[in-house]
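Student: Mind looking over this structure? Questions follow.
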Amino acid sequence: MSFLRPEFLWALPLAALPILIHLLNRRRFVRVDFGAMEFLRRALRRTRRRLFLEDLILLLLRTAAVLALILALARPAVDPGTLFAGRPARAEVLLLDVSLSMSHREAGSSAYERAVHAGEQRLEDLDLARGDRAALVWVGAPARRLAYGDPMEVRAALAERDRPERGRADWAGAFDVAEKSAESLAREGAEHIRITLLSDFQSSGFDLAGGDGAALESLAQGGYDFDLLDCGAQRRVNTAVVGLEVEPAELSPGAYGEVHAFFRHFGGEPRDGVRVSLFLDGVPAANTELSFAAGEQKEWSTAIAPAETGSRALEVRLDGDALGEDDARSAILPVRPAPRVLLVGEPAPFGEPANVFDTLRRFLDLGEGAPVRLEAVAPGRVDAALLDLTDVALLADPGPLPAGTLAALADFHLAGGGLLLAACAQTEPGDAAALLAAVGVEGVELDGVIDASEPSARIAIRDPQYPPLSLFRDPRWQPLLTEVPVSRYRLLRELAPAGAPAEAPLQLQTPLVFVRSTGESATPAEGDPVLLQWRGGGRSGAVWTAPPLPGWNRLAELPGGVLPLLFDLLAHLAPHAGHSLLLEVGRPLEVELARLPTDVTVTDPAGSTQRLSTPAVALAGGRARQPVLEAAPLDGVWTVLAHFLDRDGSEQVAVEKVAVVLPPAESDLAALDPEKWSVLLPGATLLRAGDASSVADAQPQDSSPRDYSSLLFALVLGCLALETGLAAWLDRRRG
Amino acid sequence: MLRASDPRLLARLARLELRARTAVEGLAGGRHRSPLRGASSTFAAHREYVPGDDLRHLDWRVMARSDRSVVREFEEETDLTAYVVLDASASMAFGSLEWSKLAYATWIAAAVTRLLVIQNDYAGLAVCAGSALAQWLAPHGGERHWQHLVGVLENLQASGTGDAAEAWEAAGARMERRGLVLWISDCLVDPERAARAGARLRHAGHDLMVLRILDPAEIEFPYGRTTRFDALEGLDRLLLEPRAVRQAYLEEFEQHDQALRRGLRGLQADYRLLRTDEALETTLVEFLNRRQARLRRAGR
């Protein structure tokens, strides 16, 4: 039995009211000094038993009337099948969708709140004493079982959480958990098991043709009853920020970058006058107003030139709507000073043609405000102190390097310093091999000179997405890099890794190649590497075999795109954050630090700060990886403050920021076609939460509870009528 | 208009003596046959007939001769002894009216003794307090004795518990001359004990007349609300719903009354139940009739 209005049960103590009134009345009496007491005593002896019975019946009738009235107001619902006979034990497995889209509100309640309410209704009729059981599966990322067993405890667990998560729903995992739960419930004696999906059945949330479908198919084979309770809104309109990028991804102070914000309007109705604002570190930087046609995707671009260095937080926001969570999106824009480049080499002897060192120094040494801060030094003078002030060491076509220089360069590179080997005429394969071995790079080999005068060679782009090539993605500028004639070049090979892979293998990448023909047959895929980059373990370096060298190529005379390429390449090789600056909700959050920290605190997007107790993991070169969260629960900018001791013992503070973003697919609220369900679950019915039928129709036919309040009201009237009649008859009889 | 013997009138009078006189004087002009003269055998004088005179006393001969209606009056010459046995136990303090049963009883006692004194009879008084005989005034005649007797009555307080029949027996033992015994009591006693006490009096040659004084509330039991009845005699308390036990109470009362009547009827004693809201007149007349009957039996 259950009650539809259980709050009235608090009035149950009022059933004692007639007894209290009776007792109070006995305290209110008239006092009479009486002489003929003996008659009274005898009269009382004769009538006591009858009077007690009469009073008892009246009292019982009054108490019963009050009790029945309270119960009638509480609207008891009793399963008629269980009223006079037992029924088989039942079990309910609730799969509660807690993905971001469940936050969408309509008519004052969110889909999640409707789902919780519907779930509570499902559990109302279950009774542990009859062997009923329940399980609650939290369909987040990852899916997990929140409660199991006693239906009351499951209901309490359901009511405990007042909001969904910010990520996706792991339906495949949820179906697996539900299957295990249902099997356990069956083993514990549940004869009738019903599996209820409480979700908005967002089309983009299910992969019924893939993993989700397979898991559901496996679950359906258990022969359970399925109810699909759609808790989503009737009108599924939503405008969301689906992307935020900056180009270039990193800026130097005062340099202009372009912010690209991407929006999408989901739903079948247009939306006008949507105000969009861009904030830099919480300060308004730009705004505009957009209009959207039904289903339209829009991009808004604006320029930005931050002056201060550091990890700058960008946020774009639009006017709130029914799903407010995806109306903002963050990104991190690192603003760093121009990289300090140590040009290592020897100038050409007086009277001889300029060598690579000379041309690179001429190109890169542009003084104050240049994209790089250059310092030139002979190989023999390279030491740790000099390298401590360096971001990238640029080796200008070096010959054999002194052992001390090699060792210092190795330490520098392993600690995260950038390394660019500009190999040309003077660098012999052995010299290059010695350097690469010293810095721990395998799989890269420099070979002999290729004479490319007949037919002439040129540089071609193999990987247009390589960040330093961003300028040359534009067809107008691409010829500046690719149409410079090359007559000779050093052959560079990327070797397949031999033997067991290294503990932290370097990622090799070849964005630029030489092609030796302009014909159709010569494709970048077949060319010899011009630029081969390695990355990993918090460091990156590259070998570049096309430095400007008179007599080899005409890059020195027609520098064209070489200069911007060099600037971008050096900036790219400079030390960067070893961790991702952009992360999706639910993913592990960690940061890479230059040293092992002594103390780390993290501040979440809501502004609350806590100290981390998880120790950092030491990496090669003294660097460290600090785990922050197993799964980032909130979108926005997370800030990690790390304290560590520098080499000289002074305390340093590093601030790392990571932007956590929502999965864009969650913003598309379009509902799944019910036909797709019917294929996998032929017997299941798609019901709407909130409709009376969603509760009543979903009950098993043999156990739908009936509201007995009208019967109790009739009982109240009966008791009152009987009491009145009896009291009147007694009054008459007693005179 | 109130009659002279109406208790509502008597209750307003300050002194018992005045009450008694008022009650007795009221008998003379009443509608009832006057009992004060003409009851003895010695002729005194003729007087004009007035309505209410006993027709048996009309002098038919004088009427035949003179065509006047006259009645014959006789002189009283009697030494009748009457004992008034008054119950002043605690239960007599009960009264739902402005006066208690004891007050009403003293009015009757004073009036009766006044009648006796007027007619040259001897009047004695026994006051019972519960089962004890509290006071005894031997029978005497004359105005001074009556004044003394009234003084005793006026100062009575209801007290004492126990069976009044014991006190009646004690009083009977003190009665040296045979005469008329008048019990004035609420008779809340065991009927058998009362009959036994009456039988002893009868055996001693007394005539017995019982005046049972009861408050209307004791007869009708009119209580409605929840009531706690505290015993006037003893410490008993009963909290009850009066309407629920009323019927049983009335039945108990009736049974007791019947038993009392049966016992006294067997002794040829007169029994009269008096409500305290009832005029004294009828009672006094009945008493005088009983006195006449006693005198007739005595051959005077």
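Student: Only one of (1) at the interface with another protein chain (Cβ under 7 Å from one of its Cβ atoms); (2) part of a helix (DSSP H, G or I) fails for A:Phe8. Which number is that?
Tutor: (1)
Student: Mind listing whichever residues of region B:215-252 are aliphatic (A, V, I, L, M) and either out of contact with any strand residue (DSSP E or B) (no Cβ under 6 Å at 6 or more places or on another chain) or outside the structural domain of B:Glu176 (by TED's automatic domain parsing) (or both)?
Tutor: Across region B:215-252, the qualifying residues are B:Ala217, B:Ile219, B:Ala231, B:Leu235, B:Leu240, B:Ala244, B:Val245, B:Ala248, B:Leu250.
Student: So which residues in region A:255-272 are open to solvent by 40 Å² or more (accessible area, probe 1.4 Å) and within 30 Å of A:Ala571 (Cβ to Cβ)?
Tutor: A:Tyr256, A:Glu258, A:Phe262
Student: Something else now. Of A:Arg114, A:Arg145, A:Arg155, which residue is outside any helix (DSSP H, G or I) and either in contact with a strand residue (DSSP E or B) (Cβ under 6 Å, 6 or more places away or on another chain) or open to solvent by 10 Å² or more (accessible area, probe 1.4 Å) (or both)?
Tutor: It is A:Arg145.
Student: State all residues of region A:176-202 that are under 26 Å from A:Ala111 (Cβ atoms) and of a type outside the set (Val, Ile, Thr); if no residue qualifies, say none.
Tutor: Within region A:176-202, A:Asp176, A:Ala178, A:Glu179, A:Ser181, A:Ala182, A:Arg194, A:Leu197, A:Leu198, A:Ser199, A:Asp200, A:Phe201, A:Gln202 qualify.
Student: What residue, of A:Leu401, A:Leu386, A:Leu374, A:Leu420, is in contact with a Pro (Cβ under 6 Å, 6 or more places away or on another chain) and either closer than 22 Å to A:Ser540 by Cβ or not in a loop (DSSP other than H, G, I, E, B) (or both)?
Tutor: After ruling out the rest, the residue left standing is A:Leu401.
Results for (1) open to solvent by less than 40 Å² (accessible area, probe 1.4 Å); (2) of a type outside the set (Val, Ile, Thr); (3) in contact (Cβ under 8 Å) with a residue 24 or more places away in the chain; (4) not in a loop (DSSP other than H, G, I, E, B), shown as yes or no for each residue.
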site: A:Leu549; (1), (2), (3), (4): yes, yes, yes, no
site: A:Pro575; (1), (2), (3), (4): no, yes, yes, no
site: A:Pro597; (1), (2), (3), (4): yes, yes, yes, no
site: A:Pro615; (1), (2), (3), (4): no, yes, no, no
site: A:Gln626; (1), (2), (3), (4): yes, yes, yes, yes
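Student: Would you check which residues across region B:156-176 are of a type in the set (D, E, K, R) and either part of a loop (DSSP other than H, G, I, E, B) or open to solvent by less than 40 Å² (accessible area, probe 1.4 Å) (or both) and list them?
Tutor: B:Asp163, B:Arg174, B:Glu176 - these are the residues of region B:156-176 that are of a type in the set (D, E, K, R) and either part of a loop (DSSP other than H, G, I, E, B) or open to solvent by less than 40 Å² (accessible area, probe 1.4 Å) (or both).
Student: Within region A:514-547, take every residue that is of a type in the set (Val, Ile, Thr) and modelled with pLDDT of 90 or more and give me the one that is surrounded by the fewest Cβ atoms within 10 Å (Cβ to Cβ).
Tutor: Within region A:514-547, the match that is surrounded by the fewest Cβ atoms within 10 Å (Cβ to Cβ) is A:Val530.
Student: Please indicate, with yes or no, whether at least one residue in region B:152-168 is at pLDDT 90 or above, among the aliphatic types (A, V, I, L, M) and under 22 Å from B:Glu281 (Cβ atoms).
Tutor: Yes; the residues of region B:152-168 include at least one that is at pLDDT 90 or above, among the aliphatic types (A, V, I, L, M) and under 22 Å from B:Glu281 (Cβ atoms).
Student: Considering only region B:71-155, give the strands (runs of 3 or more DSSP E) lying wholly within it that have at least 1 residues that are under 30 Å from B:Arg47 (Cα atoms).
Tutor: Per the criteria, B:81-87, B:122-129.
Student: Can you name the condition, by its number, that B:Asn120 falls short on among (1) closer than 30 Å to B:Asp59 by Cβ; (2) in contact with a helix residue (DSSP H, G or I) (Cβ under 8 Å, 6 or more places away or on another chain)?
Tutor: Of (1) closer than 30 Å to B:Asp59 by Cβ; (2) in contact with a helix residue (DSSP H, G or I) (Cβ under 8 Å, 6 or more places away or on another chain), only one is false for B:Asn120: (2).
Student: Somewhere in region A:655-673, is a residue open to solvent by less than 70 Å² (accessible area, probe 1.4 Å) and at pLDDT below 75?
Tutor: no
Student: If B:Ala109 satisfies all but one of (1) within 14 Å of chain A (Cβ to nearest Cβ); (2) touching a helix residue (DSSP H, G or I) at 6+ places or on another chain (Cβ under 9 Å); (3) not β-branched (Val, Ile, Thr), what's the number of the condition it fails?
Tutor: Of (1) within 14 Å of chain A (Cβ to nearest Cβ); (2) touching a helix residue (DSSP H, G or I) at 6+ places or on another chain (Cβ under 9 Å); (3) not β-branched (Val, Ile, Thr), only one is false for B:Ala109: (1).
Student: Criterion first (surrounded by fewer than 20 Cβ atoms within 10 Å (Cβ to Cβ), in contact (Cβ under 8 Å) with a residue 40 or more places away in the chain and not aliphatic (A, V, I, L, M)) does B:Arg144 satisfy it?
Tutor: no
Student: Please count how many residues of region A:628-654 are open to solvent by 40 Å² or more (accessible area, probe 1.4 Å) and part of a strand (DSSP E or B).
Tutor: So the count comes out to 7.
Student: For region A:710-735, enumerate the residues that are surrounded by 14 or more Cβ atoms within 10 Å (Cβ to Cβ) and either on the phi > 0 side of the Ramachandran plot or within 14 Å of chain B (Cβ to nearest Cβ) (or both).
Tutor: Across region A:710-735, the qualifying residues are A:Leu726, A:Ala727, A:Leu730, A:Arg734.
Student: Filter region A:34-83 for residues that are open to solvent by 70 Å² or more (accessible area, probe 1.4 Å), farther than 22 Å from A:Arg733 by Cβ and either within 14 Å of chain B (Cβ to nearest Cβ) or more than 60 Å from the chain's Cα centre (by Cα) (or both) and give the result.
Tutor: A:Glu38
Student: Also: Of (1) free of Cβ contacts under 8 Å to residues at least 60 places away in the same chain; (2) in contact with an Asp or Glu (Cβ under 6 Å, 6 or more places away or on another chain), A:Ser184 satisfies all except one. Which?
Tutor: Exception for A:Ser184: condition (2).
The values are calculated or read from the model by the stated rules, or taken from the named source; none is laboratory data. Remember, it's a predicted structure, so these values are computed and weren't measured experimentally. Every residue, glycine as well, gets a Cβ built from its backbone with ideal geometry; the counts of neighbours run over all protein chains shown. Heads up: the accessible areas ignore ligands, DNA and RNA and are worked out on the full protein's heavy atoms, side chains in. Shrake-Rupley method; radii C 1.70, N 1.55, O 1.52, S 1.80 Å.
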